[in-house]
Structures are given as structure tokens and as C-alpha cells.
Amino acid sequence: MRRNPVFAVLGVALLVGAGWGVSRYLSHGQWLAVLAVAWLAVLFLAWPRRQKRTGPASIESVAKLGLVLTSVFAILALQLARIQAWEQERIVTRIARDEETGEVAANPRLINEDLRIDRGRILARDGSVIAETVIDDGLAHRRYPDPATAYVAGYFSPLLYGKFGLEATYDAELRGEAEVSAWTRWQDILLHRPPRGLDLWLTLDSSLQRYAHELLGDRTGAVVLIDVETGAIVALASNPHFDPEALVTTTAEERDAAAAYWQSLLDDSDRPLLLRATQGLYTPGSTFKTVVAAAAIDAGIATPDEVYRDDGLLDVEGHVIIEANRPDDTIEMWSLRDALAFSLNVVFAQVGLELGANLLWHYAEQFGFGQEIPFDLPVARGQVASSKEFLESAPAIADTGFGQGQLLATPLQMAMVAAAIANDGAMMRPYLVERVVTRDGETRSETRPRVWRQVVSEETAREVRDMMIHAVTNGYAYGAAIDGLVVGGKTGTAETGDGEPHAWFIGFVGDPEPRYAVAVVLEHGGTGLSGPLAIAREMLAAAMAQRA
Amino acid sequence: MTLMSATRPALPRFRWRELQLVVLATAAVLAGLVSLATVNRGALVTALWQDIQASALVAGLFLAASLGFAIVRYRGDQTILPLVATLAGIGLVFIERLQPDLAALDPDLAGLASRHRIYLAAGMVILWLAAAFVPLDWLQRFKYTALLASLALLAVTFVFGTEINGARLWLTIGPLQMQPSEVVKLTLVIFLAAYLAEKRDLIGASWRFGPLRLPPIPYLAPMVVMWAASLLVLVILNDLGTALLFFGIFLAMLYAASGRPVYVLTGLAAFAVASWLAYALFDRIGIRVQNWLDPWWDPLDAGYQPMQAEYALASGGILGTGLGLGQPWRIPEVQTDFIFAAIGEELGLLGTCAVLALYLALVGRGLIIALRTRDAFLRLLATGLAATVGIQAAIIVGGVIRVIPLTGITLPFISYGGSSLLTNCLLAGLLLNISATTERGQPAGRRR
């Protein structure tokens, strides 16, 4: 092949195209390697072929020197294109976080804008303010008036810790960037018109959220109330929680106070920065039996009337499961329906073994275990087990069958499990942001309820729903009954290995059509009969009362 | 036209081309200054009208220089001055633009623009004098004096130098501070040009050492000396940028003189080894390398400056924020090492590429001047001077945009700094002077 400048020019053109296409996938080091190779290739291609003997200070060597310098400048231009065009947006918004202090280093231009911009409000569905911005002397102060709802918005701390939660997820909307067309935006930039932020209307009900906190008191735990038909989150309470207003840093004075508060949050052994409702991972305990029951019925292995033997002990390859839940020790044969109502571990260990590792894994995944749950806030990912190998042993399958083993789930996910069973097996995509609205009240976008996945067949779901109702009318969940309404539920107790077990309750309410589902967890809250069950009942009753 | 110039071959025509280009450059500078004065930045301080007027006057010196050349019927190249005027004008506008913001951060920087104006005015005078009056054969004759002066200056800097930001680069004489390495780069080019021109006949010779064919001693000796000198600059003055620049100049000139890539490759390899050693031995250089690969490794401390530069460049995007509308003062040392990032923020990719193109044009013009001279010394001198501008610009721009590790040297003609501005104007003046020797009475306008 002839080497000449035409090839060099073609090569550079190719490189520009390739750089535009792949530059975003390369780290800086890899990109530099590409540049180096490209530079050598271009030089090689463009290098004059004539190998005439060159004299001292010949025309040719001076020209070649010019060629080398030109190629160097071409490489510089390529790198500039990467920084200023191809990778521009990623770099502008790049954020670094200091591992030790949690302090955030971001583009000061954006921080500067954040300090001044009239950021949109975050509102509960009843119109009460969760977050708003007050402009004072050109500086924007973020306010969170209601401590019970504030932390759901996340935090907004431009000078120190950046943004988190809805403040981060919906940053573009709150800043007003997503409001307008590219053309209007251009005009705004040219005329230096500050954008006005959009308001977020949430599905959260502030009175139910406050009620949830009232019920939780100072106990550590979480409450999630979800609209069965839509997947809208109506209450999302976590205790303990933080006060985002104390993290707002518009001025230097606020900085020190915010840093001290942040440090106290980090030092707190109760970890108030962890939103337990979405980020807390707990063993689901007996609440998982609803999933196992649904799996067995859906897979055709059992019906609610199927009878299992439970004489108080089950030996699974030397691993002995002791039954402590039978209401009557003289009865040894139990239907699956009653087994769920009385939370019989020995029966569900057998059901788990009948299902086997594969079906158990499959249905747990169907119900969201180990899956990335799409949501407006960061959600911790649960698990069936840390790996599939765990389920290779029979004792592990038996333990998983009644909700122990290595299972982990967030309260949000367990609320979704209850909601999916109440909603004919359709697990809705959970959401918190209902509408994005301009200051003039014009709706820009609206969240449409969407089915995330059909976890089991409609028939299966109805059978399990009736079993959960049976658990309230005839079983251990009887305390959850509400006059005039249909309530289904399942208690749970999760052994933690240290101290009192965590206590669970999941359930739903209907009139008789199911309306709301709930999940409550109390850390080290003892058995699931008293605390979580009472909280769940109150929440369901309050939600229905408000609906009426 | 042909008839006219044929009848009057001895007198060059009026330098219309240069004047036209300089008018363009001056107009651009004036437009920049006016837009600075009128930009609305709310409550923030903008440049004062009197500052703008003073800068406009200095920009007028470009025109004066060109008219001066025209009046004395100067024979030199007609594009060097416009290129220098454009680059220096961009520098002037940006220093003017940065001053109010920098003064708000640090009151010591309040006199930045006025000092820069004085340096630039002096620079224009020096350019003019160097172009018109310096006898080039003197430079050749006093080559060893130049070398000794270079080494002496470096030694004096080492002994009496003032340390700023960890590098011992400045000499303080009374109220004045100068950066000898800027001057030394010129004396070095002069010495190398003279030396290599003198020994050029030895090019064919080589020196057998067993099975090896070594380059002739006259090439080998200065190579070793230069390598050692660069290394000393690196180690003693703690200045990677100057070391890289000196060595780059040396390699470029050695290649131009010998036409042998082998020398260059050997030299590069030696420099690579030295750099690696320096990297392994000095923490300061290790940090530079870390920052080169990823300044986000220590965002609040060591990586702060390059990270801010990257934010500034990216914030500019393709078109830039517009003059006076960005926030480049957030980069520490933006007026010297990082002025290119300020250009990138406010003038965008178009602006940065235009600046690169201007440097490339200046280098290209310098090399063309070199090619037009018959005299070996002048050819090597012009080559060296042109390469110096190109290499220096590439080193600092490459550092700012993280193609190579950052080394603190100035961006020729644009950065704030007296020594840098004056020496670069002297360099441009010498280039003009060389070009004037080649015209041999031919009107430059005919070379279109």
C-alpha cells in the first residue's frame, strides 16, 4: 500500500468517527493508548516514502519535523474534541466523593447554579409540602417542613454531600432542565434566563406517613403501604431517619453545622442514613410462606386442601426442625391452608422439599428476590441465597421453605409480594412520583401504572389470597381483622442470630376488592403477633377510612 | 504588476498583506475587549472601561509595529506579526477578563492586567528591534558565549533562585522577577544552531566500536551533555516542563540537522528512562502522573487543579459560554499554566482548536522561513525557533488536557508572565529577521 498524506487524512477522519462512537466506553488510560497508536499510525502513513540520502539541515528533514509537529497538534485536537464534545456532558456532571468524610466534589458551576436556582417543590398527594425552595437575597434555601416526610425526598446539600434520593433521581426536573424544548433552552441560555424548577407530586399521603411514624414511635423498623392496583407508594416510613434540612448548606456557616450533623449520622450505630423501607435487608421469615404456598399451587404440586403431616418434628438428613407453632399438639394432619394460617414450619419445609431447589429459586425470583426492583429511590437487592449452590442440600431447601436459610428482602419488596397476591398475581411497578407539574399547574408528565411482572397465575393468586384471609379469620393473624372489611395477612419472625428476632407482618385490605397492601418490620421486635400486626392493621384501617 | 516590479526590483512593495492581517487581528482583540466591557454579569465586577481602553491602546501597538515595518520598507515575512498579534491579543483579552475575578480572590493579583500590558508593549518593541537591528552573524559567532550564559543563568537560578510552588524557577532582582529558563531556551537554540551548522559536514562519518556503528562524536557529545543538562534541570530545578522543553528542542534540531531518526529515538529512549527514574524517585512527579491518569483520585486536594481545568473545558462545550460568562477563575493558577482551560470554557472547542491552528500556522511559517534560507546556521536557527514555539505550546496544552502529565510552563504569547512574553516576542523578532535575509530584494508580495 502506498503511504501518503491521503491515507493519513482518511485515517484521521476514521479516527474522529471512531472516537465519537467509542470514546465514552474507554477509560482515560485506554483512550490515551488509542491516541498513541493512532498518532504512530498517522505518522507512519504520512511519512514520505522517498529514502533519499539527506544532507545536513535538508529540506526533507525540516519538512518531516513539521509533519511530526502537525500530527502532535492533530492529536491534541482529538483530545479536545473528547473533552469538549464527545464526553462533555459526562465530565460536566462528574462527581467525586471523599470516602472518609462523605464530602462531595462536583463541578462548581453546577453547585453555584444549585445555590441560586429556584428549585421545584416536592409535594405529597394531599398537597402538603415535603420540600420547597425559599429564595433569600439571591440564595436558594431548601426547606423540608415535615420531618415525617422530609427524608423520603432524600437530601440536597450542594456544598458538601451532593444530592440523594428524589432530589438526585429527579434533579433535571427539579432544576427545570427537563421542562423545555431544546430550542427554548437555547434561548434561555442566550438570554441568561434562569430556569424555573418543576414540581413533583408524589403518591405519598402525608397524614398516613405521619401516622406510620406515630405508630412506630422510637422503635427501629419500617412501614410500606402500597396501592394494590397501581403500585403507588402511599406511605414509606423508616425509623430512625435523618433530617435533610440539617444537611442543606447554602452558606459557609451552615457548612460546619451540616458536617457535624453528617458525622453524627455516620457515627450513629442505628444508621439513620439507611432508609430501611427500601434499603434495609431482612430475612423475611414466615412471611415468605406466602411465596412458597403460591409456588406450590402454581406449580401444581399442592392445593390449599392438600394435607401434610406435622407431628412436631421433621428430620431432614439429620437437620431437625422442631415445630413450635401448632395451636393443638394432638393434631398431626394439617391442610396447607391451615398450615399457612398457623405458620407451620414443618409443613412448609416439606412443601419446599417437594418444590425442589429449581422451582423454589424460580418462584422466589418471580416474586422479586434477587431482582433489581425499578423504583424512584435506591432499592437494596434481596436474595434467595448467596448462590445457587446453597440450595443443593436438603436442609437448606427445607429452611428456605419456611423463610429462613439465606433469604433477604426489603420491606418494599414484601409489600409488593402482598400486593401482587391481592392483585391477581400482577406485581405492579412501584412508584412514588405521580406527576411532574410546572409552576402554572400544567402537567408535564404522569406516571402510568404498569405491571412489572405476572408472578403467578390469576387462579393461584386468588387461592393464596383466600388463604391469607383465612389466616386472619381463623389463624394467628386474627388480630388484624377490621370490622366490615376483608383483611388478609401473614405474620413473620426472622431469626437473626443475635438478640430478639425481627418481627414482620405483610397483608392487604379490601372492600372486598383488595385496595391496599402493607409490610411492616420491627427490628428485634419479638414475634410478629403484636407490634407489626397492630401497626399494619391501623395503617390499613386508616388508609381505607381516608379513602371513604 | 509584473512590469512594475520588474522595473523596480530593489524596492519592496508596501506591506499590504501584513497590514490587512494585523488590522483583522487588532479588530478581533478590540471586539473581545468591548464585549468584555459590555457583558452583563449581574452583581459581579466586570472589567473597568479604563482598563479596556488601556488594553485597546496596547493592541494599537500591533498596528504601529506593522506600519513601522511598512514605512522602513522591511523585507521580512508578512504573516509572523499578524499571528503573534492574534495570539498575544487573545492573551491580553483573557488576562483582562480574568483580572477582576482573580483580584476578588487575591488582592495581590489586582495589577495583573496592567503589568501584562506593560510586558506586551515592551514585547512589541523587542520584536521590532530584534527583527530590524540584530545582526544574525553575531549570534553565530558568540555561540559558546551563549552556551556559557545559559549554563550560568541556570546555575545562578539554582543558587539564588526563588522557589514558587515547589519549583525553583525564578530569579528575583530588586522588584523584578524573571524566569531564566525562558531566556535559556533561546540561547540554547542559538548555540545548537551554530554548533550543528559548524559540524554539519561530519554527518556522513561514523565511529566504529566493535560491531557497533556509533554516531560521530560531535553529535554524541552534545547529546550526552544535553541529556544530562535536562536531567539536571529536572532534578535540581524540579521542573519537568522545562526539562521536557529543552530536550524536545534539542531532539528537533538534532533531527533537522542530521536527518537521522535513530538519534531521536535513542534520545527519546534515554529521556523515557530518565523520566521513569524521576517518577520512581520523586513523589511530586508521582502525583503528576496520578493526576494525568485520573485527577478524581484525590478530588479535594492533589487532583483539585486538573479536575477544575477539566470541568472548565467541558463546561465550554463546542461553542463556549462566551467571553466573560464562564467561571474559569475557579481553576488555581488559571492566568499562567491553565489559561488554555479558560479559553476552552469561554470560547469552546472552536476557540481551542483555533488557538492550536494559530500555533501550527506560526510553526509552519517558521519552518517555511527555514526552508527559504540557504545558510545552514540560519536554517537551523529558524527551525529551532519555530520548533520551540510548537513544542512549548504542545507540552502545556497537552498537560492541561491530560494527553501528557501536567508540567508547569507557559503558553507562548498567551499566558501571563513577563519573561515568557518578552522572550517569545524576541523569538518572533528573530524569525522575522531571518526571513528578511532571504528575500534578497524580492517583494514579499510576489510569493503568493
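What follows is calculated from the coordinates using simple rules that are stated; it is not laboratory data. It should be emphasised that the depicted structure is a prediction, and the values quoted were computed from it without experimental measurement. Here the Cβ is made from the backbone with ideal geometry for all residues, glycine too, and neighbour counts use every protein chain on show.
Ranked highest first by the average count of other Cβ atoms within 10 Å around their residues, in what order do A:97-104, B:178-185 fall? Mind dumping the intermediate values first?
On the way: A:97-104: 14.0, B:178-185: 23.2.
Descending mean neighbour count gives B:178-185, A:97-104.
Placing +1 on the Cβ of each Lys and Arg and -1 on the Cβ of each Asp and Glu in the protein assembly as shown, which of A:VAL224, B:GLY417, A:LEU208 has its Cα farthest towards the positive end of the resulting dipole?
Working it through, the farthest residue towards the positive pole turns out to be B:GLY417.
For peptide B:396-403, what's the mean number of Cβ atoms from other chains within 10 Å of each residue's Cβ? Present the calculation step by step, with values, prior to reporting the outcome.
Details: counts 0, 6, 5, 0, 3, 8, 6, 12.
Per-residue shielding by partner chains comes out at 5.
For A:ARG97, which sequence-distant residues (separation of 5 or more, or a different chain) have an amide H within less than 5 Å of its own amide H, given hydrogens modelled in the peptide plane?
Here the answer is A:ALA105, since their amide H atoms fall under 5 Å of that of A:ARG97.
Just want the answer: with Cβ charges of +1 for Lys and Arg and -1 for Asp and Glu, which residue in A:ALA394, A:ALA299, B:TYR304 is farthest toward the dipole's positive end in the protein assembly as shown?
The one lying farthest along the dipole's positive direction is B:TYR304.
Pull up the DSSP beta bridges for the protein assembly as shown and report the antiparallel fraction as a percent, rounded to 5.
Taking every DSSP beta bridge within the protein assembly as shown, about 95 percent pair in antiparallel fashion.
If the reach is capped at under 16 angstrom between alpha carbons, list the lysines near A:LYS64, excluding any in the same chain fewer than eight residues apart.
A:LYS52
Relative contact order (percent) for the stretch A:280-547, with alpha-carbon contacts under 8 angstrom and 6 or more residues of separation?
20
Would you list which aspartates and glutamates come within 20 Å of A:LYS388, measuring only between C-alpha atoms, while excluding same-chain residues fewer than 8 positions from it?
Result set, ordered by chain and number: A:GLU317, A:GLU354, A:GLU365, A:GLU372, A:ASP399.
Taking a ≥ b ≥ c as the square roots of the eigenvalues of the Cα gyration tensor of the stretch B:2-447, is the shape rounded (a/c under 1.5), prolate (a/b larger than b/c) or oblate?
Oblate, since a/c reaches 1.5 and b/c is not below a/b.
Could you derive backbone 3J(HN,Hα) for the stretch A:328-344 from the dihedral phi with the Karplus parameters 6.51, -1.76 and 1.60 (θ = phi - 60°), listing whole Hz in sequence and x where the residue is Gly or Pro?
9, 5, 7, 8, 10, 10, 10, 6, 4, 4, 5, 4, 6, 4, 9, 6, 7
Under a Cβ-only charge scheme (Lys and Arg +1, Asp and Glu -1), can you give me the dipole magnitude of the protein assembly as shown about the Cα centre, in debye to the nearest 20?
On the way: 79 positive and 95 negative charges, 1976 e Å.
Using only the charged Cβ atoms, the result is roughly 9500 debye.
Would you grab the residues whose amide H sits under 5 Å from the one on A:ALA302? Only those 5+ places off in sequence or on another chain, please, with H modelled 1.01 Å from N.
Under 5 Å from the amide H of A:ALA302: A:ILE297.
Per-residue mean of other chain beta-carbon atoms within 10 angstrom of the beta-carbon, peptide B:311-320?
Values: counts 10, 5, 7, 14, 8, 5, 6, 4, 2, 1.
Shielding by partners across B:311-320 averages 6.
Which helices count as membrane-span-like in chain A under these terms: full DSSP H, at least 18 Å along the axis by C-alpha, Kyte-Doolittle mean of 1.6 or more? Spell out each step's value before the answer.
Numbers: long enough: A:5-22 (25 Å, 2.03); A:28-46 (26 Å, 1.82); A:59-81 (33 Å, 1.77); A:252-267 (23 Å, -0.53); A:345-366 (23 Å, 0.40); A:458-474 (23 Å, -0.64); A:531-547 (24 Å, 0.51).
Those that clear 18 Å and a mean of 1.6 are A:5-22, A:28-46, A:59-81.
Taking 0.36 nm per residue of separation and subtracting the Cα-Cα distance, what length does fully extending A:SER393 through A:ALA63 add?
On the way: separation 330, 0.36 × 330 = 118.80 nm, distance 7.58 nm.
My answer for the length gained is 111.2 nm.
Name the GluC sites (Glu not before Pro) in the stretch A:406-451 that are in a loop by DSSP and that have at most 11 other C-beta atoms within 10 Å, would you?
Listed in order of number, the matching sites are A:GLU442.
Using a 10 Å cut-off around each Cβ of peptide B:59-72, what is the average number of partner chain Cβ atoms that fall inside?
Values: counts 0, 0, 0, 0, 0, 0, 0, 0, 0, 0, 0, 0, 0, 0.
Mean inter-chain Cβ contacts per residue within 10 Å come to 0.
On a C-alpha basis, how far is the centre of the stretch A:255-310 from the centre of the stretch A:88-139 in Å? Whole number, if you could?
Comparing the Cα centres of the stretch A:255-310 and the stretch A:88-139, I get a distance of 31 Å.
Order these peptides, B:77-88, B:313-324, by their mean beta-carbon neighbour count within 10 angstrom, highest first.
Packing proxy ranking, top to bottom: B:77-88, B:313-324.
Could you give the size of the charge dipole of the stretch B:2-447 about its Cα centre, using +1 on the Cβ of each K and R and -1 on the Cβ of each D and E, expressed in debye and rounded to the nearest 20?
Working: 30 positive and 24 negative charges, 434 e Å.
About 2080 debye.
Pull up the cross-link candidates among the lysines for B:LYS143, meaning alpha carbon to alpha carbon under 23 Å and not fewer than 8 places away within one chain.
Straight-line reach from B:LYS143, under 23 Å: B:LYS185, B:LYS199.
Give a residue-ordered list of calculated ³J(HN,Hα) values for the stretch A:500-505 (Karplus: 6.51 cos²θ - 1.76 cosθ + 1.60, θ = phi - 60°; whole Hz; x for Gly, Pro).
Here the 3J(HN,Hα) series is 4, x, 6, 10, 10, 8 Hz.
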